Amino acid sequence: SRADISETEVLSREAEAMLLKGGFHIKFWQYSGEKLHGEDSEMTTAVLGVGWRPDEDVICFKASINFSHKRHGVHIKPDLSLLDIPQSIPLKLTKRMALAQVMKIFDPYGILCPFTLYGKVYLRETWARKLGWDDALPDDLRDKWVRFFTLLFDIENNIYPRCLKPVDAVGNPWLLILSDGSDTAYGFAAYVRWKLKDGSFVCKLIFAKCRIAPLDKVSTPQMELNAAVLSKRGR
């Protein structure tokens, strides 16, 4: 609302005045619901490494896959697009290359767990082959990584509202935590559940975390307990 924006503007001016006392100058303020500063109003910006569209106030993600060499810390070629897969993936795909692509995924909220879990499982399988860092991956393993890189572009279709409270919510919310485990991995997801004025309910994802199973063989019930413990510790 306009009142909320006015209050935010007051707080931002007070913060800017305080920072100026230390010699810190603010370039500009970006408020939720406003178009991004600059010529391209549809452009997505990043806040603490997370994609954000201020006009819609949503969190978004972009697949970043690049196998080109770096010069002064910057890739010499642009990131690959979905149309570049799989023909632009090097025929000699190595453990070093696969690890570099997985480590580029920044997901502090765990929203991309369904995607990153594949990467973790494939990395373990790659390590189990006892290959050198620059040895070519076997064909069967390379095919799995190609499928993973293709799947990774689906993250661009995932858009999450940054605000967890609906405008027509009433009362206090419920915190729902779901955890589960299998022989491959375990994890949990935390949701907030709101009741709306019309009597219906809505749930929104807050946070999630997943881990692959330990190398030492454990039973499925033990994995489910690991998931429950992880959910209690996940903050």
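Just to be sure I understand: with springs between alpha-carbon atoms less than 10 Å apart, which residue in E16, E156, E56 has the highest mean-square fluctuation in the Gaussian network model of the chain?
Highest fluctuation of the listed residues: E16.
Can you give the Rg to Rh ratio of the range 161-215, both from alpha-carbon atoms, with Rh computed by the Kirkwood formula?
Numbers: Rg = 14.7 Å, Rh = 12.8 Å.
On the Cα set of the range 161-215, Rg over Rh gives 1.15.
Going by amide H atoms built from the backbone, whose H comes under 5 Å of the H on I206, apart from near neighbours?
For I206, whose amide H was placed from the backbone, the distant partners under 5 Å are A190, Y191, V192.
With charges set only on the Cβ (+1 for Lys and Arg, -1 for Asp and Glu), what does the dipole of the chain come to about its Cα centre, in debye to the nearest 20?
Here the chain has a charge dipole of around 880 debye.
Taking the dipole about the Cα centre of the chain, with the C-beta of Lys and Arg at +1 and of Asp and Glu at -1, give me whichever of L164, F149, I59 is farthest to the positive side.
F149
Regarding the range 191-235, what is the average projected area of its C-alpha convex hull, in nm²? Show your work: numbers first, answer last.
Numbers: hull surface 17.5 nm².
In nm², the orientation-averaged hull projection of the range 191-235 is 4.4.
Mind listing the lone cysteines of the chain, meaning no other Cys beta-carbon sits under 4.7 Å from theirs?
Singleton cysteines: C60, C163, C203.
Quantify how much of the Cα-Cα distance distribution of the range 23-101 extends past 17 Å, in percent. Write down the numbers at each step before the final one.
Numbers: 1936 of 3081 pairs.
I get 63 percent for the Cα pairs in the range 23-101 exceeding 17 Å.
At 0.36 nm per residue, and after removing the present C-alpha to C-alpha distance, how many nm does the segment from L48 to E156 gain when stretched out fully? Intermediate results must be reported in sequence, preceding the final value.
Details: separation 108, 0.36 × 108 = 38.88 nm, distance 1.82 nm.
Taking 0.36 nm per residue and subtracting the Cα distance, the gain is 37.1 nm.
Cα extents of the range 61-194 along the three principal axes, largest first, in whole Å?
58, 36, 27
Using the Cα centre of the range 103-232 as the reference point, and only Cβ charges (+1 on K/R, -1 on D/E), how large is the resulting charge dipole? Debye, rounded to the nearest 20. Let's see the in-between values first.
On the way: 18 positive and 15 negative charges, 109 e Å.
In debye, rounded to 20, the range 103-232 gives about 520.
Over all directions, the average projected area of the alpha-carbon convex hull for the range 102-181 comes to how many nm²?
Values: hull surface 31.3 nm².
About 7.8 nm², averaged over all directions.
Where does each of M223, M18 land when they are ordered by accessible area, with a 1.4 Å probe and the largest first? Please report the intermediate quantities before stating the final value.
Details: M223 0, M18 140 Å².
Descending order: M18, M223.
Which of the lysines could a cross-linker span from K92 if the Cα-Cα distance has to be under 17 Å and same-chain partners fewer than 8 positions apart are dropped?
Partners within reach: K130, K144.
In Å, what Kirkwood hydrodynamic radius results for the chain from the alpha-carbon pair distances? Write down the numbers at each step before the final one.
On the way: mean 1/r = 0.0471 Å⁻¹.
Result for the chain, one decimal place: 21.2 Å.
The range 118-235: D in µm²/s via Stokes-Einstein (Kirkwood Rh, Cα pairs, 25 °C, 0.890 mPa s)? Show your work: numbers first, answer last.
Values: Rh = 17.3 Å.
The calculation lands on 141 µm²/s.
The values are calculated or read from the model by the stated rules, or taken from the named source; none is laboratory data. Just so we're clear, the structure is a prediction, and the values are computed from it rather than from any experiment. Cβ: placed from backbone, ideal geometry, glycine included. Neighbour counts: every protein chain shown. Accessible surface is based on the protein model in full, side chains and every heavy atom, while ligands, DNA and RNA are left aside. Shrake-Rupley method; radii C 1.70, N 1.55, O 1.52, S 1.80 Å.
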